[in-house]
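Beneath this line is the structure, given in structure tokens, with notes to follow.
The values are calculated or read from the model by the stated rules, or taken from the named source; none is laboratory data. Treat the numbers as computed from the prediction; the structure is a model and nothing was measured. Neighbour counts are summed over all protein chains in view; Cβ atoms, including those assigned to glycine, are modelled from backbone coordinates with ideal geometry. All accessible areas refer to the heavy atoms of the entire protein, side chains included, with ligands and DNA or RNA removed. Shrake-Rupley method; radii C 1.70, N 1.55, O 1.52, S 1.80 Å.
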Amino acid sequence: MIKISNVTKKYGDKKALDNVSFEVGDGEIFAFIGHNGAGKTTLIKAIMGIHDFDEGEILINGKSIAKEPVACKKEMAYVPDNPELYENMRAIQFINFICDMYEVGLEKRNKNIKKYAEMFEMLQNLNDTIDSFSHGMKQKIALIAALSHDPKILVMDEPFVGLDPKAVFDTKEVMREMVKNGKTIFFSTHILDVAEKLCTKVAIIKKGKIMKVGSMKEVKGDKSLEKVFLELEK
């Protein structure tokens, strides 16, 4: 579970996050939506311990990301919007590096790497260097690396950008499989119809403030998520 309580992040006089509070429970797929510059990536990086914050608290399965960052990060996997990987590495070297960081045993890692590399049609590319890959291929390697250590919490920033239609479908299937096993998924997206169909809960952020948060049904009512979002953006 991710619990965000009264989190504020400032850049000078500007509040990138303004008293943000909500929870992402076990077994939930939670969509985080907002226009460019609304604060989505800032909050995601705060959750992951990449950015600090000025006020409030973020708990990862009951542990503080500010006070116990390593313990919290062991619970999570992160897929950024721009997969900046170690481009001089071969793909399999990078994935194994991530598995080493999470202390994943050989049997488990080999099983998971094979499973997800086949799923994302990257098995034949694992021995290629990352600098030879397209954006979409790098995104697939970031996903394989994240999933290979079987995280309890998966955090993703615009995970569908650059993926081909089959990879988008497979990513959604993996997300559904994870929540069936009680895992937690939190991701930002601009693809509102995907969020509406896939997610159990949603938060809409505007200029650092949460405008609406709750179950998908509570937030959108009888309207589409797109219509609710556009009305809030006026």
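A few comments on the model shown:
- Cβ-Cβ under 6 Å pairs, at least 6 apart or on other chains, region 37-61 side on the phi < 0 side of the Ramachandran plot, far side of a type in the set (Asp, Glu): 41/157; 44/157; 60/75
- Filter pass, residue 175 being open to solvent by less than 30 Å² (accessible area, probe 1.4 Å), part of a helix (DSSP H, G or I) and in contact (Cβ under 8 Å) with a residue 60 or more places away in the chain: yes
- Within region 119-139, considering residues that are at negative phi and part of a loop (DSSP other than H, G, I, E, B), the one most open to solvent (accessible area, probe 1.4 Å): 127
- Residue 94 open to solvent by 10 Å² or more (accessible area, probe 1.4 Å), in a helix (DSSP H, G or I) and not hydroxyl-bearing (Ser, Thr, Tyr): yes
- Only one of 100, 170, 150 that is among the acidic types (Asp, Glu), open to solvent by 70 Å² or more (accessible area, probe 1.4 Å) and either in a strand (DSSP E or B) or in contact (Cβ under 8 Å) with a residue 24 or more places away in the chain (or both): 150
- Summed over region 59-83, residues that are under 30 Å from residue 130 (Cβ atoms) and open to solvent by 40 Å² or more (accessible area, probe 1.4 Å) total 7.
- Scanning region 33-54 turns up at least one residue that is more than 13 Å from the chain's Cα centre (by Cα), open to solvent by 10 Å² or more (accessible area, probe 1.4 Å) and within 20 Å of residue 194 (Cβ to Cβ).
- For the condition under 13 Å from the mean Cα position of the chain (by Cα) and open to solvent by 10 Å² or more (accessible area, probe 1.4 Å), residue 183 qualifies.
- Test set (1) assigned to a helix (DSSP H, G or I); (2) open to solvent by 10 Å² or more (accessible area, probe 1.4 Å) - residue 213 fails condition number: (1)
- Residue 191, sole failed condition from (1) touching a helix residue (DSSP H, G or I) at 6+ places or on another chain (Cβ under 7 Å); (2) without any contact (Cβ under 8 Å) to a residue 40 or more places away in the chain; (3) closer than 21 Å to residue 82 by Cα: (1)
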